[in-house]
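Have a look at the structure below before the remarks.
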Amino acid sequence: MRVALAASKCFEEKEATYYLNSKLYEQLFDIEDALNEGFSQFIENQIKELDRFNAYHRKNCTGEGCELCQTTLIT
Ligand SMILES: [Zn+2]
């Protein structure tokens, strides 16, 4: 029973990931930079941007009420 639950949870996550990916690619067609750079390059750049932002935030976080904390996507 536990295994079946774990398996169905895993399946749902895969479905969700697939759904998000297909949505993401749909969105990318509307982003000119993504078309120009190529999707994988564009995503790589976005991740680098996010890394830079997170590094900046780690150094400049003021703790409670921090403005950056409100905008951080990945903590
Ligand atoms: Zn912060």
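The values are calculated or read from the model by the stated rules, or taken from the named source; none is laboratory data. Everything numeric in this text was worked out from a predicted model, so none of it was measured. For neighbour counting, all protein chains shown are included, and Cβ atoms are generated from backbone atoms with ideal geometry for every residue, glycine included.
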Original post:
Would you pick out the residues in the range 46-75 that are in contact with a helix residue (DSSP H, G or I) (Cβ under 7 Å, 6 or more places away or on another chain) and assigned to a helix (DSSP H, G or I)?
Top reply: 57, 60, 68
**OP:** State all residues of the range 9-34 that are more than 29 Å from residue 68 (Cβ to Cβ) and either assigned by TED's automatic domain parsing to the domain that holds residue 71 or not in a helix (DSSP H, G or I) (or both); if no residue qualifies, say none.
**Re:** 29
Original post:
For the range 1-21, does any single residue satisfy the condition of being surrounded by fewer than 11 Cβ atoms within 10 Å (Cβ to Cβ) and at pLDDT 80 or above?
Top reply: no
